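The values are calculated or read from the model by the stated rules, or taken from the named source; none is laboratory data. Owing to the predicted nature of the structure, the values given are computational and were not obtained by experimental measurement. Backbone-built Cβ (ideal geometry, glycine too); neighbour counts: all protein chains shown.
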Amino acid sequence: MVPNTQLERSKNRSALHEARTRLRGHRLYRVIRTPKALRTFVEHHVICVLDFMSLVKSLQFDLTCTTVPWTPVQDPDAARLIQSIVLDEETDVRSDGRVQSHFEWYCEAMEELGADLGPIRELVDELRRGRSLADALDASRLPAAARAFGRSTASFLPRDTHVRAAVFLYGREEVIPEMFLPIVDGMENGGVGCEALRSYLVRHVEIDGGTHGPLAEGLLDRLCQRNAAFREEAEVAALEALEARVQLWDAIAQACEADDVVQDRVS
Ligand SMILES: [Fe+2]
């Protein structure tokens, strides 16, 4: 007979697989065919780019020494994993030599597309004033679905390290660059300038598949090693994060369809 914990684990695994499959095959990738729809997408999705950094930084706080006086970290391998991810996410080097966070890079892409940066800039200002992510989201002008997604991420921030590492690993946007590059091709063929978005996506194909993905998997394994309860909690949280993403994708697709932008095709 299969023990309960093993049964639960295999149920979680298949639910995670199912949620990832739903994301990969989501209709969102088919409804974004006009500049307006692409603007609608980035105006929602920018919250994912911003709040992802809070997850990453919270892991950096736990796994590396960020206080003075410095003391040696307990697990240098885990520390190195997260530092290398932070290095790229917070301070990547663009092909023209500029050093920039992926969030600022994404904002530049939004600007190039003519998207409204006001709500996300206001949110960042509120965070700089010391407001919590959840409170700042409540007062934000971001679309409701984007605020709901951000609140879901904020709810993970006080949780244990292995839970945040799982949300980080499964919430990463590994399929997005692949799915969006053909969309950007279509836009560019129609004469829409998307250079910043293209380079952002290409960079993520490089780092997510090449280094960050395996690094994040290694990190979660290290945090959960030989602890079945940790693994179970991690998988349940990852599933919640993926569900939040599916809901965001549903809402963006609906917003694009409601604008009737699908009919106004570029190519
Ligand atoms: Fe990134």
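Considering region 174-196 alone, what residues qualify as being within 16 Å of the ligand (Cβ to nearest atom), assigned to a loop (DSSP other than H, G, I, E, B) and not hydrophobic (A, V, I, L, M, F, W, C)?
The answer is GLU174, and nothing else.
Looking only at region 62-82, count every residue that is exposed (fewer than 13 other Cβ atoms within 10 Å of the Cβ) and either at pLDDT 95 or above or of a type in the set (Val, Ile, Thr) (or both) and tell me the total.
Number satisfying all stated conditions: 7.
Which one is nearest to LEU181 (Cα to Cα), of the residues in region 198-228 that are within 15 Å of the ligand (Cβ to nearest atom) and among the acidic types (Asp, Glu)?
Here the residue is GLU206.
Please state which one of ASP96, ASP92 is away from the ligand (no atom under 15 Å from the Cβ) and either at pLDDT 90 or above or not charged (D, E, K, R) (or both).
One residue alone meets the criteria, ASP96.
In this structure, is LEU127 at pLDDT 95 or above and more than 29 Å from GLY190 (Cα to Cα)?
Taking the combined requirement at face value, the residue satisfies it.
Could you look through region 12-36, keep only residues that are crowded, with 17+ Cβ neighbours inside 10 Å and polar (S, T, N, Q), and pick out the one that is nearest to ALA255 (Cα to Cα)?
The selected residue is THR34.
Scan region 1-31 for residues that are among the β-branched types (Val, Ile, Thr) and modelled with pLDDT of 90 or more and report the count.
Summing the residues that are among the β-branched types (Val, Ile, Thr) and modelled with pLDDT of 90 or more in region 1-31 gives 1.
Give region 192-211 a look and list any residue that's among the small types (Gly, Ala, Ser) and free of Cβ contacts under 8 Å to residues at least 12 places away in the same chain, or say none.
GLY210
Using the structure shown, decide if GLU43 is modelled with pLDDT of 95 or more, of a type in the set (D, E, K, R), within 16 Å of the ligand (Cβ to nearest atom) and within 16 Å of the chain's Cα centre (by Cα).
Against the criterion (modelled with pLDDT of 95 or more, of a type in the set (D, E, K, R), within 16 Å of the ligand (Cβ to nearest atom) and within 16 Å of the chain's Cα centre (by Cα)), GLU43 does not qualify.
If we keep just the residues of region 52-77 that are touching a residue at least 60 places away in the same chain (Cβ under 8 Å) and more than 22 Å from ALA154 (Cβ to Cβ), which is farthest from the ligand (Cβ to nearest atom)?
That would be ASP75.
Checking TYR170 against (1) of a type outside the set (Val, Ile, Thr); (2) surrounded by fewer than 14 Cβ atoms within 10 Å (Cβ to Cβ); (3) touching a residue at least 24 places away in the same chain (Cβ under 8 Å), only one condition comes out false. Which one?
(2)
Return yes when LEU169 is closer than 30 Å to ALA228 by Cβ and within 16 Å of the ligand (Cβ to nearest atom) and no when it is not.
yes
Taking the conditions exactly as written (more than 14 Å from the chain's Cα centre (by Cα), surrounded by fewer than 19 Cβ atoms within 10 Å (Cβ to Cβ) and either free of Cβ contacts under 8 Å to residues at least 60 places away in the same chain or at positive phi (or both)), does ASP160 satisfy them or not?
In short, no.
Filter region 29-40 for residues that are of a type in the set (A, V, I, L, M, F, W, C) and part of a helix (DSSP H, G or I); which is farthest from the ligand (Cβ to nearest atom)?
Here the answer is VAL31.
For region 102-173, give me every one of the helices (runs of 4 or more DSSP H) that falls completely inside it and has 1 or more residues that are polar (S, T, N, Q).
Fully inside region 102-173 and qualifying: 144-156, 161-171.
Restricting region 112-148 to residues that are in contact (Cβ under 8 Å) with a residue 40 or more places away in the chain and acidic (Asp, Glu), which is nearest to TRP249 (Cα to Cα)?
Only one residue fits best here, namely ASP116.
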